[in-house]
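Working notes, beginning with the structure itself.
The values are calculated or read from the model by the stated rules, or taken from the named source; none is laboratory data. What you are looking at is a predicted structure, and each value in this text was computed from that prediction instead of being measured. Quick note on the areas: whole protein, heavy atoms, side chains included, nothing else; ligands and nucleic acids left out. Shrake-Rupley method; radii C 1.70, N 1.55, O 1.52, S 1.80 Å.
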Amino acid sequence: LAQQTMMYMRDEDQRSRMLKLCKAYPVVLNFHLNAKGGHHNVRRTEANVINMIGDSPMHLETEEPQKKVHDFNDRIQAEFEAELRDIYTDGRHESDFERIAKVKYSGGNTPIEMLTLMRETI
């Protein structure tokens, strides 16, 4: 598909967008078919705790640092967006990145959304 894209699409912006979509499709499909997206060491039961207050030098030492626990779906969404960010590194086509992330977060069918974006590009 990428070879056909380079051969038949004449607009450079259209080519760039389509190649990013071609690269992102396996990532999206992997996260759609597998709840963890290939991150097998992530467990649903382990808490991912981070300090919210207490890391700042202006923090009063008399207070106990507050912690926030992220649930499983938020952690998987963060991993999904990080892998997509590896593809969308140049800052162009941010609307595609945001649209894909929004569909994934809302529980939609991301592979079909990717195919829709490809169709819109063509």
Exercise for review: Might you work out the accessible area of ILE112 for me, using a 1.4 Å probe with all protein chains in place, and round it to the nearest 10 Å²?
Suggested key: 100 Å²
Exercise for review: Quote the accessible area belonging to SER95 in square angstrom, nearest 10, computed with a 1.4 Å probe and with ligands, DNA and RNA left uncounted.
Suggested key: 80 Å²
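Using only the heavy atoms of the protein chains and a 1.4 Å probe, how would ARG99, ARG119, ARG75, ARG17 rank by accessible area, largest first?
Details: ARG99 80, ARG119 160, ARG75 30, ARG17 50 Å².
Ranking ARG99, ARG119, ARG75, ARG17 by accessible area, largest first, yields ARG119, ARG99, ARG17, ARG75.
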